[in-house]
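Let me begin by presenting the structure, written as structure tokens, before commenting on it.
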Amino acid sequence: CTGFIFQKVGKLAATAVGGGFFLLQIANHTGYIKVDWKLVERDVNKAKQQLKFHSSGNKMSPEVKSRVDEVIIFLKKNVILTGGFAGGFLLGMAS
């Protein structure tokens, strides 16, 4: 069920994002909205610098690492549940 729902919601989300982007492009080209491209470029460059800063150490923060460890422990303890869920999820995505 989860895989089937995820597939349907994923298609709906992709359609909504694509349609929204399409409408924004039409509005931009027809003059309804004006985009400050210098501001966009500045913000993108700032985001790139922050990503480079965070990925340069190539280490996870302690909070993220502890959560990842908890998930791995849970998955190892519940292999049957995890395998059943993964199989059902993949079957749902395939249908």
Residue satisfying condition, being at pLDDT 85 or above, closer than 29 Å to Lys11 by Cβ and within 21 Å of the chain's Cα centre (by Cα), within set Ala86, Ala94: Ala86
Residues (within 24 Å of the chain's Cα centre (by Cα) and basic (Lys, Arg)) located in region 29-48: Arg42, Lys46, Lys48
Any chance Val17 is open to solvent by less than 100 Å² (accessible area, probe 1.4 Å), of a type in the set (A, V, I, L, M) and within 20 Å of the chain's Cα centre (by Cα): no
Residue selected from region 49-61 under the condition open to solvent by 100 Å² or more (accessible area, probe 1.4 Å) and assigned to a helix (DSSP H, G or I), by the criterion modelled with the highest pLDDT: Gln49
Residue within region 64-73 that is modelled with pLDDT under 85 and within 21 Å of the chain's Cα centre (by Cα) present: yes
Every pair of residues 6+ apart whose Cβ atoms lie under 8 Å, when the first sits in region 71-90 and is open to solvent by 50 Å² or more (accessible area, probe 1.4 Å) while the second is of a type in the set (D, E, K, R) and outside any loop (DSSP other than H, G, I, E, B): none
Positions within region 22-43 being loosely packed, with under 10 Cβ neighbours inside 10 Å, part of a helix (DSSP H, G or I) and modelled with pLDDT of 85 or more, in sequence order: Thr30, Lys38, Leu39
Phe4 vs. criteria in a helix (DSSP H, G or I), surrounded by 10 or more Cβ atoms within 10 Å (Cβ to Cβ) and in contact (Cβ under 8 Å) with a residue 24 or more places away in the chain: yes
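The values are calculated or read from the model by the stated rules, or taken from the named source; none is laboratory data. Just so we're clear, the structure is a prediction, and the values are computed from it rather than from any experiment. Quick reminder, even Gly has a Cβ in these numbers, built from the backbone with ideal geometry, and neighbours come from all protein chains shown. The protein model used for the area step is the full one, side chains on, heavy atoms only, and it has no ligands, DNA or RNA in it. Shrake-Rupley method; radii C 1.70, N 1.55, O 1.52, S 1.80 Å.
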